[in-house]
Structure formats: C-alpha cells, structure tokens
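Below: one structure, written as structure tokens.
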Amino acid sequence: MKNKFYITTPIYYPSANFHIGHCYTTIIADAIARYRRLSGDDVFFLTGTDEHGQKIQKKAEETGVTPQKYVDEIVDNAKDLWKSLGISYDKFIRTTDKEHVEVVQKIFKKLYDKGDIYKGEYKGLYCTPCESFWTETQLVDGKCPDCGREVNEVTEEAYFFKLSKYQAKLIEYIETHPNFIEPESRKNEMINNFIKPGLEDLCVSRTSFNWGVPVTFDDKHVVYVWLDALSNYISALGYLTDDDSLFKKYWPADLHIVGKEIVRFHTIIWPIMLMALDLELPKQVFGHGWLVINGGKISKSLGNYKDPREYIETYGVDAVRYFALREVPFGNDGNFSEELLISRTNADLANILGNLVNRTIGMANKYFDGIIENTNVCEDIDNNLKDLALSLKNKVDSNMNNLQISDALDNIFELFRACNKYIDDTMPWVLAKDETKQDRLKTVLYNLIESIRFGTVLLQAFIPTTTEKIFNQLNTNIIDFNSLDKFGYYKSNTKLNNPEVLFKRIEAK
Ligand code: MSP
C-alpha cells in the first residue's frame with residue numbers, strides 16, 4: 001500500500017497579483033509534492049486563495065468593482081502563473097467556493113454549540129492591512145509588529161473562540177511532538193513568546209464589514225478571516241460534507257508549508273480549532289523564511305517587484321524554480337535579485353548540468369553515431385562514479401525527509417560535477433584516437449549516460465521541464481525511482497537523440 005502524503009501551501013490573499021515571494025513558497029511545496037510522488041507516495045497537494053476580509057473589500061471598492069469580480073481576476077492570473085511555473089497541485093481551493101463557505105459555517109456552528117465559541121464584546125487594536133488583532137504589549141513603537149503601520153482601536157459585539165481552554169493541551173502536544181513545528185527556532189518562539197505568556201480568547205467574528213462568510217445564526221456577523229482561511233485545509237477534502245472520502249483518506253495533513261510570519265496562526269489557532277473539533281492535528285508545520293530584495297521584504301504594498309512571468313520568459317521556468325529551491329537553505333531568509341538568479345543559472349544549470357549533457361551526447365555522436373553501448377570494460381576509476389550514483393538516492397531521500405531541499409540538490413549536482421571530472425580524467429578524446437581502446441571508450445560513455453540518468457531521475461521533482469528534455473535526448477523511459485537500485489538499467493545499444501542546448505549561459509546584466 002502506498003503511503004499517503006497531504007501537503008499544503010498557505011492560501012494567498014488575492015489582494016494584488018502574486019510576486020516571486022509567493023512563487024517561492026509554492027515552488028517549494030511543488031518540489032516536495034513531486035518528490036513524494038516520485039518516491040511512490042499517494043500525494044494530495046493543495047493550494048488556493050484566501051479571498052475574504054476587509055482589505056480585499058476595500059481594494060475592490062477602490063477599484064470600483066465587486067469584491068467577487070476583483071478576486072476572480074486575480075485568481076485567474078494566479079492560476080495562469082502556477083501553470084507557467086509547472087505547479088502540480090491536485091486542488092485549488094478558493095474561500096469563496098460554495099462548498100468551503102458551507103463547511104466554515106458548519107464548523108462555526110459546531111464550535112458554538114459546544115460552547116467553545118461564545119458571544120462577547122471586542123475592544124482591541126486591529127491592523128487592517130494584516131487582518132490581525134494585537135495586544136498593547138505586542139505592538140512595536142505603538143505600531144503593527146508585522147508591517148509597522150498604524151493600528152486602530154475598535155469596540156464591537158463579537159464572537160470569541162476559547163483558545164485559553166486548550167492552552168495546556170497545546171503546550172503538551174507541542175512538547176510531545178518534537179517535529180510538529182519546524183525549524184526548532186520557530187517552535188521556541190511560539191512557546192516562549194506566544195503560548196506561555198497566556199492565550200487570550202480569540203475574536204472570531206466581525207460586524208464592521210460584510211465581505212466574509214456569514215454566521216448562519218447571527219447574520220450581521222461574518223467569520224474572522226483566519227478561522228475561515230485555516231478551515232480550507234479540511235474543507236478542501238470534503239470535511240462535514242456528503243462526500244468526505246478525501247478527508248478520510250488524507251487527513252491529517254503531513255505538511256503545512258507556511259511563511260514565518262504566519263506560523264503562529266498555524267501552530268496556535270489551527271491546532272486548537274482541530275482539538276475543539278476532535279480532529280487529529282497536522283504532523284508538521286514548517287515555517288520558512290522570506291525572499292527579500294536588498295534586505296527588505298518583497299511586498300505587494302511596497303510594489304518593489306516584477307511580475308514573476310518576466311523572469312520565466314527571460315530565463316526559463318527551471319532557472320526560476322532552481323533558484324527558489326537551491327539558493328536559500330530552507331528556513332532562512334535569502335536575497336533575491338536578477339544578478340543572483342543569473343549567476344546561479346550559469347554556475348549550476350549551464351556550466352555543470354547543461355555542459356555535461358551536451359558534451360557527453362556530442363562525444364557519443366562524434367565517436368559512435370550516438371549509439372551508447374555497455375561493453376563492460378571497467379577500470380578502477382569507474383567505481384567512484386558508480387558508487388556516487390548508487391548512494392545518491394539515499395542522500396537525497398534523507399535530505400528531502402528533513403526538508404533540506406537545497407542540500408538535496410547539491411547531492412545531485414555533486415554527481416554531475418563528478419561526471420565532468422570523470423570526463424577530464426578518462427579523456428575520451430585520447431581513447432578515441434587509439435584503435436584498441438574503442439570498447440573502453442564505449443564503457444566510459446555508457447557510464448556517463450547512466451550517471452546522467454541517475455541524477456536526472458531525481459531532478460524530476462525539481463526542474464521537470466528540463467528533465468523531460470534530458471530524457472528525450474537520452475532516448476530513455478527508464479525514469480522511475482526504483483531504476484536507481486542498480487547501475488546499468490540504461491539500455492545498451494540505445495541511439496541518443498540530437499543534443500539541444502538546455503541552458504544558454506546568460507551574460508551578466
Ligand atoms: N492568507 C494568508 C494565509 C492563510 S493560510 C490558511 C496569508 N496570505 S499572504 O498572501 O499574505 O501570504 C501567503 C504566503 O506567502 C505566506 O506564507 C508568506 O510568508 C508568503 N510570502 C509572501 N511574501 C513572501 C516573500 N517575500 N518571501 C517568501 N514568502 C513570502 O498570509
């Protein structure tokens with residue numbers, strides 16, 4: 001039986017078109033989903049959009065369209081962007097989907113009936129752009145700690161969710177499930193800065209705007225956007241609907257990928273909602289860092305970004321994907337710039353991978369009309385390369401299990417670098433001149449092609465457009481995970497297809 005693996009991205013606010021920071025989260029989740037499929041898991045990969053709330057309502061008003069029309073356009077744009085990035089999601093959920101709205105209403109009612117949601121009065125400080133309530137002590141210089149903008153004091157009738165009731169249970173859960181919050185530093189931050197100082201009950205409805213899910217039994221209230229948004233992870237699977245087969249199959253989530261600033265929603269409010277609903281908790285919430293430009297956040301509101309499609313058109317989809325996956329150790333913040341994108345593409349994709357495939361196929365064409373034959377004329381020098389190829393799957397697997405994606409890619413490129421070195425050491429052009437060495441030369445080329453195949457099989461999870469091209473050039477369909485158990489599955493006497501440049505070197509700007 002296949003293992004199931006349920007992975008999610010955050011659902012993004014469609015308040016403006018998406019930037020490279022949103023792509024970052026989604027590319028990473030996509031690579032993990034693809035890797036899991038490759039390694040044999042039954043994967044469900046969810047992404048989507050978080051469409052309600054005052055901020056979106058305001059934006060739509062400013063633009064002079066209805067909120068629904070406003071978000072529809074951005075969602076179309078987002079889906080098109082995910083298509084150009086090769087995002088292999090299984091479902092795209094929108095919080096305006098009728099099915100989702102109904103589930104949120106049922107969840108709200110269920111928690112109310114249970115006594116975990118009650119009516120009260122809210123007095124507090126609210127940051128409208130961030131849709132967040134803050135306490136006096138959380139403010140930084142009297143402003144929103146996330147975005148630095150002014151907060152407003154509001155008083156209104158509201159429903160509250162009893163977070164406090166579950167505080168001890170939550171701490172116990174986090175402490176007994178050491179992998180629940182990753183990386184470690186974020187876990188400590190949650191426990192020490194947010195949970196242990198004491199959880200206040202959370203205001204979970206608003207009356208000051210109406211672009212939201214109405215509370216069925218009190219319809220001047222709409223559901224607070226985070227309660228609405230977090231429910232997507234179960235509504236998408238049909239929880240509390242007539243067909244909850246996906247829910248039964250895939251819940252609990254194996255991995256919620258989220259940005260560091262929303263870890264607290266996912267590790268406090270979300271698990272408590274699930275506890276209150278008597279549901280299992282997700283196995284892991286991973287809080288990643290931000291892509292920054294010149295040290296500052298890329299932000300829709302600051303407007304310091306280009307449409308990601310411009311990068312895709314200029315440098316190719318896999319240059320963008322590779323950058324997101326390789327450049328920054330997952331968990332840390334990292335800089336994004338076109339210069340960095342160019343140098344990463346040149347250094348790894350053009351010089352190491354592209355060059356290796358091109359050189360190897362070029363030699364095979366020149367010496368043997370593109371026929372790759374395993375003549376088994378082995379020498380000691382071959383063992384290093386074979387051992388490296390054979391050890392690759394385990395190394396990559398262990399890094400992927402720890403979400404060390406950049407290291408997993410480095411493992412694969414270590415093999416490609418070793419191939420380039422193997423060419424320099426075996427000097428095929430010298431062998432070619434010696435009549436008696438033709439069979440040795442054939443083996444050398446076979447070993448290279450087989451090693452390229454090994455690396456490419458694993459690379460499928462990360463840069464799938466390029467790997468498809470490589471497999472075409474190698475003229476092979478032996479591309480599954482299990483074909484890495486033995487060195488030698490590449491079929492002897494295969495004729496290669498013509499080489500095609502995979503990545504041109506890009507001139508620095
Ligand atoms: N709608 C909420 C999430 C609800 S999930 C139940 C939200 N949306 S968001 O559009 O503001 O952000 C979505 C994700 O994009 C967050 O994880 C955030 O960290 C990520 N990113 C936004 N800008 C980013 C960068 N510059 N770099 C990396 N990730 C970035 O929060």
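The values are calculated or read from the model by the stated rules, or taken from the named source; none is laboratory data. In this text, all values refer to a predicted model and were calculated from it rather than measured experimentally. Neighbour counts run over all protein chains shown; Cβ positions are idealised from the backbone, glycine included. To get the accessible areas, we keep the full protein, side chains included, count just its heavy atoms, and leave off ligands, DNA and RNA. Shrake-Rupley method; radii C 1.70, N 1.55, O 1.52, S 1.80 Å.
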### Query
Are any residues in region 250-283 over 14 Å from I234 (Cα atoms) and among the aromatic types (F, W, Y), and if so, which ones?
F265
### Summary
When region 257-268 is checked residue by residue, the ones that are within 8 Å of the ligand (Cβ to nearest atom) and not β-branched (V, I, T) are G259, K260, E261, F265, H266
### Query
Could you count how many residues in region 339-356 are open to solvent by less than 30 Å² (accessible area, probe 1.4 Å) and within 16 Å of the ligand (Cβ to nearest atom)?
1
### Query
Can you find even one residue in region 64-80 that is surrounded by 14 or more Cβ atoms within 10 Å (Cβ to Cβ), farther than 25 Å from G238 by Cα and small (G, A, S)?
no
### Task
For residues that are more than 16 Å from Y12 (Cβ to Cβ) and of a type in the set (D, E, K, R), tally how many sit in region 254-272.
2
### Task
Among the residues of region 103-129, count how many are more than 20 Å from D201 (Cβ to Cβ) and part of a loop (DSSP other than H, G, I, E, B).
2
## Note on the structure
Picking from N401, N420, N447, the residue that is of a type outside the set (S, T, Y), within 30 Å of F180 (Cβ to Cβ) and out of contact with any Ser or Thr (no Cβ under 8 Å at 6 or more places or on another chain) would be N401
### Message
Suppose the filter is open to solvent by 10 Å² or more (accessible area, probe 1.4 Å), within 15 Å of the ligand (Cβ to nearest atom) and touching a Phe, Trp or Tyr at 6+ places or on another chain (Cβ under 9 Å); does K59 pass it?
### Response
yes
### Summary
Reported set for region 137-158 where residues are part of a strand (DSSP E or B) and within 21 Å of N193 (Cα to Cα) is V140, K143
### Task
Would you tally the residues in region 285-332 being among the aromatic types (F, W, Y) and modelled with pLDDT under 85?
2
### Task
List the number of the failed condition for A33; all other conditions in (1) crowded, with 23+ Cβ neighbours inside 10 Å; (2) touching a helix residue (DSSP H, G or I) at 6+ places or on another chain (Cβ under 9 Å) hold.
(2)
### Task
Identify, by number, the condition in (1) open to solvent by 20 Å² or more (accessible area, probe 1.4 Å); (2) under 29 Å from T25 (Cα atoms); (3) modelled with pLDDT of 95 or more that Y112 doesn't meet.
(2)
### Task
For residues that are within 16 Å of Y250 (Cβ to Cβ) and open to solvent by less than 10 Å² (accessible area, probe 1.4 Å), scanning just region 36-51, find the one that is farthest from the ligand (Cβ to nearest atom).
F45
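So that you can scan it fast, the table gives a plain yes or no per residue for (1) farther than 27 Å from Q404 by Cα; (2) within 15 Å of the ligand (Cβ to nearest atom); (3) among the aliphatic types (A, V, I, L, M):
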residue	(1), (2), (3)
L163	yes, no, yes
K169	yes, no, no
K187	no, no, no
L202	yes, yes, yes
G212	yes, yes, no
V223	yes, yes, yes
A229	yes, yes, yes
S235	yes, yes, no
L240	yes, no, yes
### Task
Working only within region 387-416, note down all residues that are within 24 Å of G354 (Cβ to Cβ) and over 27 Å from the mean Cα position of the chain (by Cα).
L388
### Sole exception among (1) modelled with pLDDT under 95; (2) surrounded by fewer than 13 Cβ atoms within 10 Å (Cβ to Cβ) for D485, by number
(1)
### Message
Can you find a residue that is buried (at least 20 other Cβ atoms within 10 Å of the Cβ), away from the ligand (no atom under 16 Å from the Cβ) and in contact (Cβ under 8 Å) with a residue 40 or more places away in the chain anywhere in region 276-299?
### Response
yes
### Query
Is it fair to say I449 is in a helix (DSSP H, G or I), of a type in the set (A, V, I, L, M), touching a strand residue (DSSP E or B) at 6+ places or on another chain (Cβ under 6 Å) and within 29 Å of D480 (Cα to Cα)?
yes
### Task
Tell me the helices (runs of 4 or more DSSP H) entirely within region 160-253 that contain at least 2 residues that are charged (D, E, K, R) and open to solvent by 10 Å² or more (accessible area, probe 1.4 Å).
167-176, 184-189, 245-250
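Let's see how each residue does on (1) of a type in the set (D, E, K, R); (2) under 26 Å from F247 (Cα atoms):
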residue	(1), (2)
T9	no, yes
I27	no, yes
I32	no, yes
L81	no, no
L85	no, no
F92	no, yes
K98	yes, yes
### Message
Let me confirm something: among I268, I257, I272, which residue is β-branched (V, I, T) and either within 23 Å of R37 (Cα to Cα) or part of a strand (DSSP E or B) (or both)?
### Response
I257
